[in-house]
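Take a look at the structure set out below.
The values are calculated or read from the model by the stated rules, or taken from the named source; none is laboratory data. Since we're looking at a predicted model, the values are computed, not measured. So basically every Cβ, Gly included, is an ideal-geometry build from the backbone, and we count neighbours across all protein chains shown.
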């Protein structure tokens, strides 16, 4: 399976981030996970939310952010990877001058209905 970045249309998710699905079972036919790119502009923050079923991995590729994960808050930088277990409240704020870009891997695959805003 191959997915071209240029063919993926960006959309806004429930948490307010701009998302581009790079690989999702509903489109490419893979089975157990999805991969997306999230973009958060300088000064913006995603809504605090959780996923009831999905475990997520966030991998920062550009920008500087402040991650809220449960009761913890910490800085995230390019090269950092964060594991988010199902049911854990989380959000990110872009605290830098450039777009914060995060690769998001979800298993099971991302579904709008699995996202609960807090």
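Please work out which one of (1) modelled with pLDDT under 95; (2) more than 19 Å from residue 115 (Cα to Cα) is the condition residue 23 fails and give its number. Among (1) modelled with pLDDT under 95; (2) more than 19 Å from residue 115 (Cα to Cα), the lone unmet condition for residue 23 is (2).
Within the stretch 91-109, the presence of a residue that is farther than 22 Å from residue 10 by Cα and touching a helix residue (DSSP H, G or I) at 6+ places or on another chain (Cβ under 8 Å) is excluded. Do we find that residue 109 is surrounded by 20 or more Cβ atoms within 10 Å (Cβ to Cβ) and either under 18 Å from residue 37 (Cα atoms) or within 14 Å of the chain's Cα centre (by Cα) (or both) in this structure? Here the answer is yes, as residue 109 does meet what is asked.
Residue 116 fulfils the conditions (1) in a strand (DSSP E or B); (2) surrounded by fewer than 17 Cβ atoms within 10 Å (Cβ to Cβ); (3) at pLDDT 95 or above except for a single criterion, (3).
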